[in-house]
Structure formats: structure tokens, C-alpha cells
Amino acid sequence: LTGVLDDCLCDIESIDDFNTFKIFPKIQKLQERDYFRYYKVNLKRPCPFWADDGHCSIKDCHVEPCPESKIPVGIKAGSSNKYSKAANNSKELEDCEQANKLGAVNSTLSNQSKEAFIDWARYDDSQDHFCELDDERSPDAQYVDLLLNPERYTGYKGPSAWRVWNSIYEENCFKPRSVYRPLNPLAPSRGGDDGESFYTWLEGLCLEKRVFYKLISGLHASINLHLCANYLLEETWGKPRWGPNVKEFTRRFDPVETKGEGPRRLKNLYFLYLIELRALSKVAPYFERSIVDLYTGNGHEDAESKALLLDIFRDTKSFHMHFDEKSMFAGDKKGAKSLKEEFRLHFKNISRIMDCVGCDKCRLWGKLQTQGLGTALKILFSEKEIQSLPENSPSKGFQLTRQEIVALVNAFGRLSTSIRELQNFKVLLQKTR
């Protein structure tokens, strides 16, 4: 892949260099910090669209939840850790269960702060979300250590996996049923049409709907890259060996084997990277405020995590070829508002489809990456609210929950890894020729 991406003035080589030398090493370190490695997720929510018929019983599909004792006390404290250490310094937090019983918020906060928490809760329940959020209070919601449950090839495939992606593309990408997505094995025979009618249709769409398709395609390409890069190569004497599978990569992305489709998918991965990179640069003022702590209960670790996050934000701001989101939803106000709402609801629907993934590990990472992208979109559409944030008090206009912050960073970390793995596959392919 070389050259300039469609719908933006950025070339692939610049992204490769920026990611390899600036972003990738730092985002890897950040994902290892306690604040970002524990993600609370409900993997037992039923599929809202069809009877769950494809639950994966392969052992690599399994997700091991985190024992209560391993989770940092500041994270277990729940909503009280959204902002300040002052809200968490009480001795009740030494014992998480007692903190929950007594209500860490009520026992440690002033009346003014209590009202602020109520406002945050109201705001969290408002309609600006692009994702269907898991209810963290559900007894089925559990903390998962992302470092111990890495995203990789699990063997989950076939009709059940295809149904999920088919539903995402065919029902949620603003697409007429007469236009088939290229190389979709579930679509009826198209005769001599190699998908060109699809791309003619795509070019005829407004920018916003083209962007929507590219984001979903880029997410799909990124997930496929992770599976190719972390593939079960052999299992001898019970010791599995994971690594890059060049043959699988070629099958999914080679221009000849995919009839020109592979490079288009990879370009969409770069486009998605640019969108999430832009969101990180835009949300920096939210985290730069002294009131925001990445609180786990370990003061030294928390300070280091925040310093590293702010360092990454400085890098994202230094990138000189950002996607310009101002070109989106820039038409007449009424039409733009209606299109934005349609965009949001389509994406929210896709986040609900993730509850239909039959493999727990795939569902975990699908939900996390979808929520990360949903959070990025929420940021890009909240620029005015972010710019007017108060320095020393909670904002009623724009909030991020810990779940959204963890998803945003890890989702971008996955994209950064995808682009890094792509460089590795280039080297491996040259060796095999």
C-alpha cells in the first residue's frame, strides 16, 4: 500500500512512520497500566436479533474473568472514581465490599459534589452515546484482564461468524439491498459483477455515509489482521505456538486472491486510524485538567499513567495531516442533524450486534473496539463542549466514563498494532518471494 487515502489529504507512508516511531511504543506501555488493562464487560447479554445458535465451545474462545482480589481498589470503587482522589481517600475503600455497602460517594463527598455525581449519572444516561453500553451494575458484568485475554485467532468461523458481519454490512451501512458487498459469500450470485456496482454506489454517497462504511470496513480489516498476526501455528505436547500466518494474511488481503478487495480494506484500516487519532487529539483538553485522575488507588502509578497519556496526546497533536471532521454534517442544519442521528443509531445497532458473537473472546474484543470507536465519534461530535470544559469542576456538557476511556485507548492500541503488524507482514512476504 502506498499513496494518498481517499476522502482525506494523508498518505500511508506518513502514517506508517508516525505510528512506528511515535505512537506504537507508547500506546503499548499505556495498555499495560492497571487503569487500562481491566475492562468491565457483560459477555452473557442475549443476542437481541436472532436465537443464539453458534456459541463457540473451542477452548481458545474462552475468556477468564478477573478474580475480585486482583482488581485495584480504586477501580472497584465504581462511579466514585470518575475524578478526584479526594473522593476516594476514605478508609472504606480499603475494603471494596464495605465501600459498596456504605456507598463510597455518600460517605466521603460534600453535598455539592453529591449533586455533581447525580448530574454525571443523568448525563451518562443521555442520548449522546454511539454505543449500547453494558450495565456495569449487572451481576453478569465482570472485570476482564485484557493482557491475560489477548485478541487472537480462536477457530471461531463459519455461518455464525458470517451472520454477524453480514448483518452489520447489509443492514447498517445505509445500503440498498440490490447492491451487494464484494466477496460476501452469503450474497446471491451476482453473475459478472465483481463488486463494481457496489463501489459506483459508494462513490455516489454523501461523505458521511461513505465514512460510515469505511469505518466498519476498517474495523473488520483490523480484526482480521490481529487474527492473522496471532494465529495458532501448532500445538505440540500441549504447548501452543502463536505467530503470524502469511498464508492466512494472503487469503484475506492479497489483491489477486481478493480480486482487488484486500488493498481497499487495508486503506479503510488507515482511514479508521486517522479518525481515532483525530479523536485523541481533540479530547486532550478533557484530560489535561488537574481534576481528572486515572485513579486506581496507587498514587505513583496513577501519576505515571496520566503523564504517559498526556505525552501521547502531545504526539497526536503534532501529526500534521489530520482528517478534517468539519467537512462532515456541514449541510443545512435540519438535514445535518437528521443525518447525524441516523449515523448514531446505525452505529448503536452495530454495538448491539456484538452481543450476537458466539465466541466469548471475539465478543469481548468486538465490544471493546466498537465501544472505542463509538467513544471516538462521541468526542468528534462534542468539540464545543470539550473546548468549554471548566478546569476545576465536573462538566455537565461532556463526560467520559472509565469504560469509555479504557475502550478508547485500547481500541486505538489495536489499530496501532494492526498497522505495525502490516509492516511485519510486508517483510515476511518479501522473504517468501
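The values are calculated or read from the model by the stated rules, or taken from the named source; none is laboratory data. Keep in mind that what you see is a predicted model, and the values were worked out from it rather than measured. All Cβ positions, even for glycine, are placed from backbone atoms using ideal geometry, and neighbour counts span all protein chains on display. For the accessible areas, the whole protein counts, side chains as well, though only heavy atoms, and no ligand, DNA or RNA atoms are used. Shrake-Rupley method; radii C 1.70, N 1.55, O 1.52, S 1.80 Å.
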Boolean, Lys348 is free of Cβ contacts under 8 Å to residues at least 12 places away in the same chain, under 29 Å from Ser167 (Cβ atoms) and open to solvent by 30 Å² or more (accessible area, probe 1.4 Å): no
Residue check for Gly372: touching a residue at least 24 places away in the same chain (Cβ under 8 Å) and assigned to a helix (DSSP H, G or I): yes
Residue count for region 309-326, restricted to those that are part of a helix (DSSP H, G or I) and crowded, with 17+ Cβ neighbours inside 10 Å: 6
Boolean, Ser351 is in a helix (DSSP H, G or I), farther than 19 Å from Arg33 by Cβ and either in contact with a helix residue (DSSP H, G or I) (Cβ under 6 Å, 6 or more places away or on another chain) or among the hydrophobic types (A, V, I, L, M, F, W, C) (or both): yes
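Here is a yes/no grid of residues against (1) among the charged types (D, E, K, R); (2) part of a loop (DSSP other than H, G, I, E, B); (3) open to solvent by less than 40 Å² (accessible area, probe 1.4 Å); (4) in contact (Cβ under 8 Å) with a residue 12 or more places away in the chain:
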{"position": "Leu1", "(1), (2), (3), (4)": "no, yes, no, yes"}
{"position": "Cys8", "(1), (2), (3), (4)": "no, yes, yes, yes"}
{"position": "Asp16", "(1), (2), (3), (4)": "yes, no, yes, yes"}
{"position": "Asn19", "(1), (2), (3), (4)": "no, no, yes, yes"}
{"position": "Pro25", "(1), (2), (3), (4)": "no, no, no, no"}
{"position": "Gln28", "(1), (2), (3), (4)": "no, no, no, yes"}
{"position": "Tyr35", "(1), (2), (3), (4)": "no, no, yes, yes"}
{"position": "Val41", "(1), (2), (3), (4)": "no, no, yes, yes"}
Qualifying residue in region 89-107 (condition: in contact with a helix residue (DSSP H, G or I) (Cβ under 9 Å, 6 or more places away or on another chain), over 29 Å from Asn268 (Cα atoms) and either at pLDDT 75 or above or of a type in the set (Val, Ile, Thr) (or both)): yes
Residue, nearest to Glu151 (Cα to Cα), within region 232-253, restricted to residues that are of a type in the set (Phe, Trp, Tyr) and modelled with pLDDT under 90: Trp242
Residue in region 375-392 that is nearest to Leu207 (Cα to Cα), counting only those that are in a helix (DSSP H, G or I) and over 15 Å from the mean Cα position of the chain (by Cα): Glu383
Subset tally (residues that are open to solvent by less than 20 Å² (accessible area, probe 1.4 Å) and modelled with pLDDT under 85) for region 386-420: 1
